[in-house]
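Let me begin by presenting the structure, written as structure tokens, before commenting on it.
The values are calculated or read from the model by the stated rules, or taken from the named source; none is laboratory data. Predicted, not measured: the structure shown is a model, and the values here were computed from it. Every residue, glycine among them, receives a Cβ derived from its backbone with ideal geometry; neighbour counts consider all protein chains shown.
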Amino acid sequence: MSLIQLVEDKHMKKDVEPFGVGDTVKVHVIIKEGDKERIQVYQGDVIAKRGTGLSTTFTVRKISFGIGVERIFPVHSKAIKKVEVLRKGKVRRSKLYYLRRLKGKAARLREEK
Amino acid sequence: MTQGFDDKGNSIPLTVIKAGPCTVIQKKAKDKDGYEALQLGLVEEKAVKKPKKAAQGHFKKSESPVTKVLREFHYGGQGEVKEGDQFFVDIFKAGEKVHVTGTSKGKGFAGVVKRHHFRGGGASHGSMFHRAPGSIGASSYPSRVVRGLRMGGHMGYDRVTVRNLTVFETDKENNLLVVKGAIPGPNGGYVLIHKA
């Protein structure tokens, strides 16, 4: 096994709930303010996943007060407490960047049944 | 290189270095050699296939197998060190600063834009000046090229030291040192690690 792999395995989360592009998720983010810790929930659609192993990240898009917001999260970061899947989406591409120019009814995703 | 996460969950760039074990092959003494130093040999997984007779004799005194890499280090540490003793990665601790010296990647013959960060000229609109160095000296005065003027030439394959890298963690079992940031040289290159 390569030496880099040894180090990476130590930092990888083993219990990541599988989710895919098109899913609607709730991301629980740990926010540290001084010694206090609180959890902020960010809900939206996963529109992209990139990278492999420890460096995997995913992009979550939501519409906040009429304005599109996208946040990129590293899957294995300590700041991500958990990712909750609310709804599985049925999509035909790996990157849903086309959602950026759609709004309202057109920007909906079909649910996988 | 790889990445890791700090306590806040921010991703940070990391380099994994196989650090040792290193055997003390020879002790240089003030009265005998004129200076104090330790000669360390890096023990690798693959042994040297057919060591030369001269090397065999040199390694005999410390009763250790012949190693490919031998380097001398100044030693100001506490405690008596004998020939044949070994150093492991546990001499470094997470949070400490280290200097890493290596040989940078060779770039071949490089022009002034790449080698000295000259700006170069415009690519189009009939500019006629692209990546050339420009004037290197006037005709009547000084009518010569000043010594040390930056020009194209061989770039890379230099001894480079990156100072004050933070140790992120150590792995005693596999003798791995993980430092924050990049170090000189290609993957699999040999480097020297000093405490800052």
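For the range A:1-100, which strands (runs of 3 or more DSSP E) that fit wholly inside it have 3 or more residues that are within 12 Å of another protein chain (Cβ to nearest Cβ)? Walk me through it before giving the result.
Numbers: elements: A:24-33, A:36-50, A:57-64, A:67-74, A:80-87.
Answer list for the range A:1-100: A:24-33, A:67-74.
Sort out for me the strands (runs of 3 or more DSSP E) sitting completely within the range B:124-196 that have 2 or more residues that are acidic (Asp, Glu).
Fully inside the range B:124-196 and qualifying: B:159-171.
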**Q.** Given (1) under 14 Å from the mean Cα position of the chain (by Cα); (2) within 30 Å of B:Val179 (Cβ to Cβ); (3) surrounded by 13 or more Cβ atoms within 10 Å (Cβ to Cβ), number of the condition A:Ile72 does not satisfy
**A.** (3)
Q: From the list B:Ala29, B:Ala37, pick out the single residue that is under 25 Å from B:Lys93 (Cβ atoms) and more than 14 Å from chain A (Cβ to nearest Cβ).
A: B:Ala37
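In the range A:44-62, how many residues are small (Gly, Ala, Ser) and either under 17 Å from A:Glu84 (Cβ atoms) or surrounded by 18 or more Cβ atoms within 10 Å (Cβ to Cβ) (or both)?
Pass one, the range A:44-62, residues small (Gly, Ala, Ser): A:44, A:48, A:51, A:53, A:55.
In the following step, the residues that additionally are either under 17 Å from A:Glu84 (Cβ atoms) or surrounded by 18 or more Cβ atoms within 10 Å (Cβ to Cβ) (or both) were identified as A:44.
Here the count works out to 1.
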Q: Hey, can you tell me all the residues within the range B:64-95 that are within 18 Å of the chain's Cα centre (by Cα) and either more than 15 Å from B:Lys28 (Cα to Cα) or touching a residue at least 40 places away in the same chain (Cβ under 8 Å) (or both)?
A: B:Lys68, B:Val69, B:Leu70, B:Arg71, B:Glu72, B:Phe73, B:Val89, B:Phe92
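Which of the residues spanning the range B:1-26 are within 14 Å of another protein chain (Cβ to nearest Cβ), under 21 Å from the mean Cα position of the chain (by Cα) and at pLDDT 85 or above? First the steps, then the outcome.
Step one: of the range B:1-26, the residues within 14 Å of another protein chain (Cβ to nearest Cβ) are B:1-20.
Filter again for under 21 Å from the mean Cα position of the chain (by Cα), leaving B:1-3, B:13-20.
Result: B:Met1, B:Thr2, B:Gln3, B:Pro13, B:Leu14, B:Thr15, B:Val16, B:Ile17, B:Lys18, B:Ala19.
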Q: Give the residues of the range B:85-107 that are farther than 14 Å from B:Gly20 by Cα, in contact with a strand residue (DSSP E or B) (Cβ under 7 Å, 6 or more places away or on another chain) and not hydrophobic (A, V, I, L, M, F, W, C), sorted by residue number.
A: B:Lys93, B:Gly95, B:Glu96, B:Lys97, B:His99, B:Thr101, B:Gly102, B:Thr103, B:Ser104, B:Lys107
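What is the residue count in the range B:1-43 for residues that are outside any strand (DSSP E or B) and either in contact with a Ser or Thr (Cβ under 7 Å, 6 or more places away or on another chain) or surrounded by 17 or more Cβ atoms within 10 Å (Cβ to Cβ) (or both)? Even if it seems obvious, please write down each step before you answer.
Within the range B:1-43, the first condition is being outside any strand (DSSP E or B), and the residues that meet it are B:1, B:6-10, B:19-21, B:29-36, B:43.
Within this subset, residues satisfying the condition of being either in contact with a Ser or Thr (Cβ under 7 Å, 6 or more places away or on another chain) or surrounded by 17 or more Cβ atoms within 10 Å (Cβ to Cβ) (or both) are B:1, B:9, B:19-20, B:43.
Number of matching residues: 5.
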